[in-house]
1. Return yes when G13 is more than 12 Å from the ligand (Cβ to nearest atom), of a type outside the set (S, T, Y), within 25 Å of A323 (Cα to Cα) and in a helix (DSSP H, G or I) and no when it is not.
2. Checking the structure you have, find out if any residue of the stretch 92-107 is more than 15 Å from the chain's Cα centre (by Cα) and away from the ligand (no atom under 16 Å from the Cβ).
3. Report the residue count in the stretch 259-271 for those that are crowded, with 23+ Cβ neighbours inside 10 Å and not acidic (D, E).
4. Could you grab me the full set of residues in the stretch 193-214 that are surrounded by 13 or more Cβ atoms within 10 Å (Cβ to Cβ), in contact with a Gly (Cβ under 8 Å, 6 or more places away or on another chain) and not in a helix (DSSP H, G or I)?
5. Here are the criteria: (1) farther than 22 Å from A73 by Cβ; (2) surrounded by fewer than 16 Cβ atoms within 10 Å (Cβ to Cβ); (3) aromatic (F, W, Y). Tell me which single one F433 does not satisfy.
6. So for the stretch 54-68 (the condition being basic (K, R) and over 29 Å from I277 (Cβ atoms)), does at least one residue qualify?
7. I need the full set of residues from the stretch 363-401 which are exposed (fewer than 14 other Cβ atoms within 10 Å of the Cβ) and assigned to a helix (DSSP H, G or I), in order please.
Amino acid sequence: MEKKASSFSGQIGFVLAAAGSAVGVGNLWRFPYLAAKDGGGLFLLVYLVLVLTFGFTLLTSDIAIGRRTKQSAIRAYETMRPKWKFLGILTFLVPVLIMTYYAVIGGWITKYAVVYLTGQSAAAAEDGYFTSFITSPVSPVVFALLFMGVTAFIVYNGVEGGIERVSRYMMPILLVLVVVIAGYALTLRHEDASGQMRTGLEGLRYYLTPHMEGLTVSRFLQILLDAMSQLFFSLSVSMGIMITYGSYVKPDVDLNKAVNQIEIFDTGVALLAGAMIIPAVYVFSGTEGMSAGPSLMFVSLPKVFAAMGKAGTFVGILFFVTAIFATLTSCISVLESITANCMEIFHSGRKKTVLVLAVIYLAASAIIALGYSIFYFEVQLPNGSAAQLLDIMDYVSNSVMMPFIALLSTILIGWVMTPDYVIDEMQRGGETFRRKKLYRVMIRYVAPVMMLVLFLQSTGILA
Ligand code: PHE
């Protein structure tokens, strides 16, 4: 009952909340690292083309389904076609899994923000600092619980009073911070031990130039798949989150504009994150440290901040506060999506539902946070990398389930419901859905094929 009454106050509230979900650690850390690894400007070009075609198609579908059915994933798919309820359940399981580890990462970021705020930036730059932090059985748990608690508190306060209110503050501030840090990164210059001078502007050039050397068909395919899985994760599509947020959008909001604005916000922050991280890393450690993967944020960057001298502490604070805002607004969207599904299924009120979920996920976060100490074990994933508990959850939800769900949902919309189901919703208030033809072709033909390839590749079936 309460659920039906919940809504965002209007277009801006919705766009900022949805952008809050979309902009997360994926933008700040995964995007720059992929760009550095996958040929700089080449990756950017591929990514931009995908945003305008594939990302547009999936985001439009999720949001339109949400607003049209006014339900979260499980009920939404059931409303469309009762036989497809299983797809709703699968979709619901993605945030259920992500929630187990997202607050743990949020906790790591919070820890680093505290470290910089208390002036311990030199310690954070030492070798082994990150490893000794995450393998401790106490500190990562405390920070994960704190992050989880704050997330639950915001969701407890409801859609407009909690989620929208927080996003309205955090997202504009985040944008300003990213611009400021990127601007600062471009002014950096540093002479290394061999007397070679490197500048931020050269780093920017390295980031934007398409590196075509040694480009083969299979490498291009790899870049394409990297960009595609990044886009998914980044837009928070195919996990029911945008369906839930879409269900809170009032009928008079122009979804065409909203979709564009969300995409611009998300892509803009990703591009800016690249423009702040790549030049900074380049100036202090050349092109080596960049493809470091996940350790970029917690290992390479602290070294860069230390090399900046006094300013480094300040920049470190700004950076980790930015990262907290990005992660918190994403984390609340994950919990909101689980909450909304549960409220519909169990006909329960928001407050009670959030309290029960909070207890479950406080426990789950603690277990995952202990995956590097007490519950440590390692397995090998089909794609060859070694994984701990957190990586396994990440792999199952993002690499296996999301492409599979996207594949099935493009078939459902493209062939069972037909694209008009979404197009009609996009034109509900008399607006014109301009990219109709593109949408039809994408949802019926291109997206299903791309999703199938991505699924086969990320599960290791297609080596
Ligand atoms: N979209 C977020 C990012 O880019 C990640 C995210 C994943 C958010 C899952 C919500 C749910 O980091």
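1. yes
2. no
3. Summing the residues that are crowded, with 23+ Cβ neighbours inside 10 Å and not acidic (D, E) in the stretch 259-271 gives 5.
4. First, pick out the residues of the stretch 193-214 that are surrounded by 13 or more Cβ atoms within 10 Å (Cβ to Cβ): 198-211.
Checking the rest, the ones that are also in contact with a Gly (Cβ under 8 Å, 6 or more places away or on another chain) come to 198, 206-211.
Passing the criteria: R198, T209, P210, H211.
5. Single failed check for F433: (2).
6. Yes, the stretch 54-68 contains a residue that is basic (K, R) and over 29 Å from I277 (Cβ atoms).
7. A363
One line per residue, one yes/no per condition, for (1) within 16 Å of K111 (Cα to Cα); (2) among the hydroxyl-bearing types (S, T, Y); (3) surrounded by fewer than 24 Cβ atoms within 10 Å (Cβ to Cβ):
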{"residue": "M290", "(1), (2), (3)": "no, no, yes"}
{"residue": "T313", "(1), (2), (3)": "yes, yes, yes"}
{"residue": "I317", "(1), (2), (3)": "yes, no, yes"}
{"residue": "T322", "(1), (2), (3)": "yes, yes, no"}
{"residue": "K351", "(1), (2), (3)": "no, no, yes"}
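The values are calculated or read from the model by the stated rules, or taken from the named source; none is laboratory data. Being a predicted model, the structure only gives us computed values, none of them experimental. Neighbour counts are summed over all protein chains in view; Cβ atoms, including those assigned to glycine, are modelled from backbone coordinates with ideal geometry.
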